[in-house]
Amino acid sequence: MKFGFTVPVRGPGANPEGMIGIGNAAESHGYSFIAVNDHIVVPRDINSLYPYTDDGAWPGRAGDFLEPLSVIGFLAGSTKKIDLLTSILVIPYRPPLLAAKMISSLDVMSGGRLILGVGAGWMREEFEAVGAPDFGARGRVTDEYIEAFRTLWNENNPSFHGSFVNFEEIIFEPKPVQKNGPRIWIGGEGRAARRRAANLGDGWYPVGNNPQTPLDTLDKYIARQQEVRDMAISNGRDESSIDFAYWAIWPWTGEAETAADGERRLLTGSAQDLVDDVRRLEDAGVSHLSIMVLSASLEATVGNIERFADEVIVRV
């Protein structure tokens, strides 16, 4: 199992000194990746429902967010070996050729350490504020942009003609360091996201706490994971070509929590409970686990990084 966590893009630690300290802590305590979230602007009036709370209220309305690809560029220069994950990048927010070039440049400058976690987005108001394509078409836009990225990253004389992306007779260099470009993990828990992972993705990277599609027990995760595998096989893909990851977005307090079906929520409880859960996830084919370490201060965040490493990572 490879372990990682999301770095702060606002609040304590969202500055050069904090990022350096968090990156150093991650590399020295056995983590394999660090992840960066994506918001560009926060509209003052939001009516869109956030998918990850029961009431649809989004907790990020303060509006203070660093831009993720810029943060990854900083982390690429301040770390040496750890992978860098966008978690997740809202694909329609950035023009496709510019985004493809930024991603390719980051892969070059990080020495091939970039993983591209992507999603179609959920906030209509932010789409409108940044001038993204029509919110209602975001799924089709995301799929087409991914296809265009791969064309740009792999073809010497790339051309593409779609509904949302068109280019030809261009030179796109440098290519990413990684063959075929960075691995693309599809975020999201619903059927559209699972279908996208099976059709276009190199991995599936869901969050466990979506009230509409809860994946907070192993049985729930495995059931949806099998759907991804079945769809991939029906598309003629080798299921072993797909990474399976999991994001436990709740903090580890040491206390067991109860899922909606009455079972213990995955990755809650004692250190031994977590060790057992990690082994069960590994047996299910999960290769990457993202945990929540962010806290009210930089010192507490680093403390969480160290505590999980000392009590869980070293035992698995």
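What residue, among those in the stretch 242-266 that are free of Cβ contacts under 8 Å to residues at least 40 places away in the same chain and part of a loop (DSSP other than H, G, I, E, B), is farthest from the chain's Cα centre (by Cα)? Across the stretch 242-266, the extreme among qualifying residues is Gly262.
Condition first: assigned to a loop (DSSP other than H, G, I, E, B) and closer than 22 Å to Ala132 by Cβ. Now tell me which residues in the stretch 149-171 satisfy that. Those that are assigned to a loop (DSSP other than H, G, I, E, B) and closer than 22 Å to Ala132 by Cβ: Gly162, Ser163, Phe164, Val165.
Scanning the stretch 125-156 for residues that are of a type in the set (Gly, Ala, Ser) and in contact (Cβ under 8 Å) with a residue 24 or more places away in the chain gives Ala129, Ala132, Ala137, Gly139, Ala148. Only one entry in Asp230, Asp134, Asp202 is surrounded by fewer than 22 Cβ atoms within 10 Å (Cβ to Cβ), at pLDDT 95 or above and touching a strand residue (DSSP E or B) at 6+ places or on another chain (Cβ under 6 Å), namely Asp202. Considering Ile72, Ile115, the condition of being touching a strand residue (DSSP E or B) at 6+ places or on another chain (Cβ under 6 Å) and farther than 27 Å from Arg191 by Cβ is satisfied by Ile72 alone. Here the stretch 257-276 is the region considered, the condition is being farther than 15 Å from Asn209 by Cβ and out of contact with any helix residue (DSSP H, G or I) (no Cβ under 7 Å at 6 or more places or on another chain), and the residue that is surrounded by the fewest Cβ atoms within 10 Å (Cβ to Cβ) is Gly262. Val286 satisfies every condition listed in (1) within 20 Å of Asn24 (Cβ to Cβ); (2) in a loop (DSSP other than H, G, I, E, B); (3) within 19 Å of the chain's Cα centre (by Cα) except (1).
Close contacts from the stretch 157-185, counting a first residue that is within 24 Å of Arg138 (Cβ to Cβ) and a second that is β-branched (Val, Ile, Thr) and in a loop (DSSP other than H, G, I, E, B), with Cβ to Cβ under 9 Å and a gap of 6+ residues or different chains, come to Pro158/Ile170; Pro158/Ile171.
State whether one or more residues within the stretch 50-73 are acidic (Asp, Glu) and buried (at least 17 other Cβ atoms within 10 Å of the Cβ). No, the stretch 50-73 has no match at all. Mind listing just one residue for me: the one in the stretch 1-27 that is hydrophobic (A, V, I, L, M, F, W, C) and part of a strand (DSSP E or B) and, of those, surrounded by the most Cβ atoms within 10 Å (Cβ to Cβ)? Top of the filtered list is Phe5.
For the stretch 31-82, the tally of residues that are under 12 Å from Ser110 (Cβ atoms) and assigned to a loop (DSSP other than H, G, I, E, B) stands at 4.
The values are calculated or read from the model by the stated rules, or taken from the named source; none is laboratory data. Because the structure is a prediction, the values reported are computed rather than measured. Neighbour counts run over all protein chains shown; Cβ positions are idealised from the backbone, glycine included.
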